[in-house]
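Below is one structure, written out as structure tokens, with a few remarks after it.
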There are 2 protein chains.
Amino acid sequence: MATVKDLQKKIKELEAELEKERREKQNVLRPKISQMSSEVVDSNPYSRLMALKRMGIVDDYEKIREYCVAVVGVGGVGSVTAEMLTRCGIGKLLLFDYDKVELANMNRLFYQPHQSGMSKVEAAEKTLKEINPDVEFEVYNYNITTMDNFTHFMERIKTGGFKSGEPVNLVLSCVDNFEARMTVNTACNELGQNWIESGVSENAVSGHIQFIIPGETSCYACAPPLVVSTKTDEKTLKREGVCAASLPTTMAVVAGFLVQNTLKYLLKFGDVSYYLGYNALQDFFPSMTLRPNPTCDDRHCVNQQHAFQLREKSKPKVEKVEEKEDDVIHEDNPFEIQLVSETTEEELKNSEGFVPDLVQGLKVAYTTPAPSQNSDSGAMVDNTEKSLEELMKEMQTL
Amino acid sequence: MATVKDLQKKIKELEAELEKERREKQNVLRPKISQMSSEVVDSNPYSRLMALKRMGIVDDYEKIREYCVAVVGVGGVGSVTAEMLTRCGIGKLLLFDYDKVELANMNRLFYQPHQSGMSKVEAAEKTLKEINPDVEFEVYNYNITTMDNFTHFMERIKTGGFKSGEPVNLVLSCVDNFEARMTVNTACNELGQNWIESGVSENAVSGHIQFIIPGETSCYACAPPLVVSTKTDEKTLKREGVCAASLPTTMAVVAGFLVQNTLKYLLKFGDVSYYLGYNALQDFFPSMTLRPNPTCDDRHCVNQQHAFQLREKSKPKVEKVEEKEDDVIHEDNPFEIQLVSETTEEELKNSEGFVPDLVQGLKVAYTTPAPSQNSDSGAMVDNTEKSLEELMKEMQTL
């Protein structure tokens, strides 16, 4: 029979092992870093980012620590978006989502099977804090489209910035349905808050980002892109055994474009894209800029347009005359032109020979270029800024 | 003093707790799934991928389970590449890397701080198995450029496929230096193995992928892209406190392009890109195809070119006459034309106004288009297939 001494020794051993397991499980958070350093040592998580200064890309990379970004929707695109910003050392992130992690999400990056059942924002916050404890988080496990939550959501966008009481610097919409996009649009139009919309198609092989400056560029209600709801309640669509396709590749590319343009905007380098599409089947990247629709349904959008025009008019005329925007006011938009033209089934067949089997209530908003079509013709690939009027003329001549 | 009974009870409790901690730490691997199902339930990790069939994108998605891909280098691009393939349910992955995880890698996706010090292949295999236990792994923690390892590497590419004894279906090069790229090139030329090269620039804001079919398209020795070594030993460059910049955005976009084209190639949908570039500053995507250099330094490349020409000649003439490749044989390449033209410091200044501060032994291989340049002119953005001769003529007229 074991002696008391033996047993006590055994207990000490077990306690040590338990302590070790627990420490490992906690993933030993690295200590916080008070100041970003350029020092080139293996232990510096910011050395490769601070090197952007030496490379002449960014003047003041450290400034990222004073910025706050809201990510609305932390699914296939939003979770990767939040991870990229966290690894880049953003000052603060606000995350909004009401969904739970499921095994059915495992074909996209970020979440892991053992997180199934957790709320997405809770799972995301835990992982992101382990990755970078320097980032500050505010997470909300709710649906922004209900009245009470919408009020709270607006309030956080308006006052939840890095310095309390200030607005966030940018809102990134990574939601997967029309209703939520319109909600973000409404909030940002009212607040005059710049945001970037993102989306991936139901067939998983195309996506886009769209930078919206209220009053200055087309808002989501001026011209909704990609997949367009036809009034059917999208919540019911989801429940009826309907399953959109998705790929980790397309979602990571869209998240990459989204965060790259966020960094360019916040840290002031390169050119921020206003609309950038990704067509995976042909590696084709439509790009354009659209001015707002003066008859937009959203009255806050129309108000922001007036405010923008007043600001433009009040600018001293001597300053950058060459680059000054046209003050053309579009009286109306009788053709209800969208950012990307809607296509009929016939047009679809002609363009890529296939009509996706979309569920009731959804239609495809753009498609791949027809093989015979030259990639440097057509409005979709045009890099120049166009007014709705110009686009309308072009479409009439087609 | 504690009785023996008390101590034994305490031991049992500690053992139970230890067991619980260990089970939790293992992240409770989900059970293997013997057959991919299209069933739309939250617990099916493949529902969103199998939906690609219903959407008409892929004919036979399940076939992915019979494919094997080798990923050489599991750093910023390679780790995300391996994760995407794992989540897509690839049959088997071979991973090669000799590096260790460091905190300095935390500005890219995938690795986490608590993995610091682990070998990259070991850390990657553990995470990937937790994400998808259906995937088979073979990992090698060695440098492929040494003689012994190179022999073993060649053997695994040749016989390490999904069915033992068969070659892998595709090699993806995600390495960060010239020597390793040339090693992959040498192996694939000798084996006639199709592969895709990938790379990201030292200043973190551009990248590319290049699909290489030995004998049919330009190999890495025919025309090395992006950053070109000028004979200085790259290993010494790394040690001298030199630190290239990197961004999770650029690396995820390149990995996205790489795996998307891998899926298109393996599952036969869309068009596989031969060369696709990503310039993040201007969201510009050069694309082209280049035929091999008949005077390539790699004799296996030249042999593969002869073999390809013989195969082409022996094809029945009636078959697809319209699409048949030209049989033009280029006698020589006196201008040593590269895939992307090298630029001088002056050209760089003219194009984007900035000359990156590259360390000795590295030079920039391509740059952003000059603002005045129209994006649909110039060889770099041309989507059509060009011979070296045609490109040479174009460059002489510039």
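In peptide A:258-269, what is the residue-averaged number of other protein chain Cβ atoms found within 10 Å of each Cβ?
Mean partner shielding for this stretch: 3.
Averaged over peptide A:195-205, how many Cβ atoms belonging to another chain are found within 10 Å of each residue's Cβ?
Going residue by residue through A:195-205 and averaging, the value is 2.
Show me, for segment B:287-296, the HN-Hα J-couplings you get by feeding each phi into the Karplus relation (A = 6.51, B = -1.76, C = 1.60, θ = phi - 60°), rounded to Hz, glycine and proline as x.
Each residue of segment B:287-296 in turn: 9, 6, 10, 10, 7, x, 8, x, 10, 4 Hz.
Just to confirm the numbers: A:Gly56, label point 7 angstrom along the Cα-Cβ line, distances to the other copies in nm, shortest first?
5.0
Taking a label point 7 Å from Cα toward Cβ, how far is A:Thr3 from its twins in the other copies, in nm, shortest first?
Ordered by increasing distance: 2.1 nm.
Report, for A:Lys32, each distance to the same residue's label point in the other copies, shortest first and in nm; define the point 7 Å along Cα→Cβ.
4.6
Mind ranking B:47-56, A:172-181, B:198-207 by how tightly packed they are, going by the mean number of other C-beta atoms within 10 angstrom, highest first? The partial results should precede the final answer.
Working: B:47-56: 20.8, A:172-181: 22.5, B:198-207: 25.5.
Highest to lowest by the protection proxy: B:198-207, A:172-181, B:47-56.
Tell me, what ³J(HN,Hα) does each residue in segment A:193-202 have, in order and in whole Hz, if you take phi through Karplus 6.51 cos²θ - 1.76 cosθ + 1.60 with θ = phi - 60° and put x for Gly and Pro?
Karplus values, whole Hz, x for Gly and Pro: 9, 5, 8, 10, 8, 9, x, 10, 6, 4.
From the square roots a ≥ b ≥ c of the eigenvalues of the alpha-carbon gyration tensor of segment A:263-318, which class results: rounded (a/c under 1.5), prolate (a/b over b/c), or oblate?
It is oblate, given that a/c is not under 1.5 and a/b is not larger than b/c.
Search the structure for amide H atoms under 5 Å from the amide H of B:Lys100, placed 1.01 Å from N in the peptide plane, and list their residues when 5 or more places away or on another chain.
B:Lys120
Taking amide H atoms as placed 1.01 Å from N in the peptide plane, list the residues 5 or more away in sequence, or in a different chain, whose amide H sits under 5 Å from that of A:Gly199.
Hits under the 5 Å cutoff: A:His208.
Could you sort A:142-151, B:298-307 so that the peptide with the highest average Cβ count within 10 Å comes first and the rest follow in order?
Highest to lowest by the protection proxy: B:298-307, A:142-151.
Mind listing the phi-derived Karplus ³J(HN,Hα) values for segment A:139-151, rounded to whole Hz, using 6.51, -1.76 and 1.60 with θ = phi - 60°, and x for any glycine or proline?
Once rounded to whole Hz, the list reads 10, 10, 8, 8, 8, 5, 7, 7, 3, 4, 5, 4, 4.
Mind checking B:29-41 for the average number of partner chain beta-carbons within 10 Å of each residue's beta-carbon?
Average neighbour count from other chains, rounded to a whole number: 2.
Residues with amide H under 5 Å of A:Leu290's amide H, sequence separation 5 or more or different chain, H placed in the peptide plane at 1.01 Å from N; which?
For A:Leu290, the qualifying residues are A:Ser218.
Roughly what % of Cα-Cα distances in segment A:49-314 sit above 24 Å, to the whole percent? Kindly include the intermediate steps, with their values, before the conclusion.
Values: 16744 of 35245 pairs.
Result: 48 percent of Cα pairs exceed 24 Å.
Can you give me the P(r) profile for segment A:1-117? Cα pairs, bins 10 angstrom wide beginning at 0, each as a whole percent.
Pairs per bin, as whole percents: 11, 25, 26, 20, 10, 7, 2, 0.
Farthest toward the dipole's positive end in segment B:49-314, which of B:Ile213, B:Gly270, B:Val121, given Cβ charges of +1 (Lys, Arg) and -1 (Asp, Glu) about the Cα centre?
B:Gly270
Taking the highest mean first, how do the peptides A:92-102, B:33-43 order by number of other beta carbon atoms within 10 angstrom per residue?
Details: A:92-102: 22.3, B:33-43: 13.3.
Highest-to-lowest ranking by the protection proxy: A:92-102, B:33-43.
Where a number appears in this text, it was derived from the coordinates with a stated rule and is not lab data. These figures come from a predicted structure and were not determined experimentally. So basically every Cβ, Gly included, is an ideal-geometry build from the backbone, and we count neighbours across all protein chains shown.
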